[in-house]
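**Q** I have a structure here, written as structure tokens, and I will follow up with some questions on it.
The values are calculated or read from the model by the stated rules, or taken from the named source; none is laboratory data. This is a predicted model, so every value here is computed, not measured. FYI the Cβ positions are ideal-geometry reconstructions off the backbone, even for glycines, and counts take in every protein chain you see.
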């Protein structure tokens, strides 16, 4: 799945890999053996309908499952939405998309 399929410039996608040591991660007060967290800040666009949200989350899980399950890695994902008006790049208002 490419960003271009959704009408977004590639520069609108940023990926950060932040590794935390096990003693710095707690789930339910316990340290999980292996955990990956995916946090998506969804600003460039809104999900048009609940079905689009379900489609996106399924597509994300479909990408992660075959990579993480065989390795015994648990994962969680969260999508955090914000109004586009609150998004700036180097103090500049971002261009319209689509």
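**Q** Could you go through segment 9-32 and let me know if any residue there is at pLDDT 85 or above and in contact with a helix residue (DSSP H, G or I) (Cβ under 8 Å, 6 or more places away or on another chain).
**A** Yes, segment 9-32 has at least one match.
**Q** Let me ask something additional. Taking the options 8, 60, 20, name whichever one is part of a loop (DSSP other than H, G, I, E, B) and either surrounded by 13 or more Cβ atoms within 10 Å (Cβ to Cβ) or in contact (Cβ under 8 Å) with a residue 60 or more places away in the chain (or both). Let's see the steps before the verdict.
**A** Values: 60 fails: part of a loop (DSSP other than H, G, I, E, B); 20 fails: either surrounded by 13 or more Cβ atoms within 10 Å (Cβ to Cβ) or in contact (Cβ under 8 Å) with a residue 60 or more places away in the chain (or both).
One residue alone meets the criteria, 8.
**Q** Let me ask something additional. Could you tell me which residue of segment 33-74 is modelled with the lowest pLDDT, considering only residues that are touching a strand residue (DSSP E or B) at 6+ places or on another chain (Cβ under 6 Å) and more than 29 Å from residue 87 (Cα to Cα)?
**A** 35
**Q** Of the conditions (1) surrounded by 11 or more Cβ atoms within 10 Å (Cβ to Cβ); (2) without any contact (Cβ under 8 Å) to a residue 40 or more places away in the chain; (3) under 30 Å from residue 33 (Cβ atoms), residue 55 satisfies every one except a single condition; which number is it?
**A** Tallying (1) surrounded by 11 or more Cβ atoms within 10 Å (Cβ to Cβ); (2) without any contact (Cβ under 8 Å) to a residue 40 or more places away in the chain; (3) under 30 Å from residue 33 (Cβ atoms), residue 55 fails exactly one: (3).
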